[in-house]
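Asks: Can you read through this structure? Questions will come right after.
Readers should treat all values here as calculations from the given coordinates under stated rules, not as data from a laboratory. None of these values were measured; they are calculated from a predicted model. Quick reminder, even Gly has a Cβ in these numbers, built from the backbone with ideal geometry, and neighbours come from all protein chains shown.
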Amino acid sequence: MTELFNLTNKIAMVTGGAIGIGKALALGLASHGADLYLPVYDLTGVEEIKKEVEALNRRVFIHVVDLSKPENAIAEVTLCMEKFGRLDILINNAGIIKRSPILEGTNQDWQAVIDINLSAVYYISREASKIMKEQGSGKIINIASMLSFQGGKFVPSYTASKHGVAGLTKAFANELAEFNIQTNAIAPGYIETNNTAPIRADEKRNAEILSRIPANRWGQVTDLVGAAIFLSSGASDYVNGHVLAIDGGWLAR
Ligand code: NAD
């Protein structure tokens, strides 16, 4: 490991960090020296990730919480400070998707997606920024999407939330760069996780998606880890407000 990417003794909060993309990113940061604070919605994957982080000789604290409630999202940074005494890296990863045509959409689905995918990102980042400003440095990484750039179909709430995440990334970057806090986003392409299981199971949709990906394969969660380490480390100290697509070439098509 070169010094540029060294995260030793950094404290990283990864929301939804026990499964899927969040787990891969959390383990990637731990493998470069970070200790982990993981707010998770339920106990899925918790025992496994605890063992994997301990095998790396790093610390992990897991807190079961519904981050779609503003008061919970706001309290999470305080809890992390009580546990670890600092917060160096925040990865806003927790998110959901609700699929239905606009004409059949419900208010409940719209609100549920906006609450966790967008509002929680704002609340947690706002609170984390206050701590990072006091500390004199910090890294905020938001998990965006191809639908931060494109409209998509049957997922208008998701598209709105992820366009919002790209906007928040730039807004936070503009205001916080002077405090040595870098805010960036990773926009994954089509990655094999629970989130995409329904479209992978739909043969026609799966074939349509695959045929448009120049790399000719679905992404794996491990494809995203290098970028997360880069954006968490000193190697990216002059990178601000960038939304980095990791998509096998999807957007370039
Ligand atoms: P996933 O369903 O495996 O993981 C989602 C995570 O969010 C889980 O850990 C879950 O516990 C957590 N979460 C959901 N609601 C929560 C709540 N109310 N409170 C606390 N935690 C909550 O899916 P994933 O694919 O790993 O998704 C992770 C992120 O990546 C999401 O923001 C998603 O939008 C984004 N993303 C995924 C893809 C993809 O292709 N899989 C593509 C682009 C962006």
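Asks: For the structure I just gave you, tell me whether ASP247 is surrounded by 21 or more Cβ atoms within 10 Å (Cβ to Cβ), over 25 Å from ALA128 (Cβ atoms) and not hydroxyl-bearing (Ser, Thr, Tyr).
Replies: So ASP247 passes the test.
Asks: Right, something else. Give just the number: which of (1) among the basic types (Lys, Arg); (2) outside any loop (DSSP other than H, G, I, E, B); (3) more than 18 Å from VAL121 (Cα to Cα) does LYS153 not satisfy?
Replies: LYS153 satisfies every listed condition except (2).
Asks: If you don't mind, another one. Among strands (runs of 3 or more DSSP E) lying entirely in the range 1-100, which contain 3 or more residues that are crowded, with 24+ Cβ neighbours inside 10 Å?
Replies: 11-14, 35-40, 89-92
Asks: In the range 160-214, which residue that is part of a loop (DSSP other than H, G, I, E, B) and under 19 Å from ILE246 (Cα atoms) is farthest from the ligand (Cβ to nearest atom)?
Replies: PRO214
Asks: Failed condition for ALA120, given (1) within 14 Å of the ligand (Cβ to nearest atom); (2) surrounded by fewer than 18 Cβ atoms within 10 Å (Cβ to Cβ), with all others met?
Replies: Against the list (1) within 14 Å of the ligand (Cβ to nearest atom); (2) surrounded by fewer than 18 Cβ atoms within 10 Å (Cβ to Cβ), ALA120 comes up short only on (2).
Asks: Something else: Hey, can you tell me all the residues within the range 219-238 that are assigned to a loop (DSSP other than H, G, I, E, B) and in contact with a Leu (Cβ under 7 Å, 6 or more places away or on another chain)?
Replies: SER233
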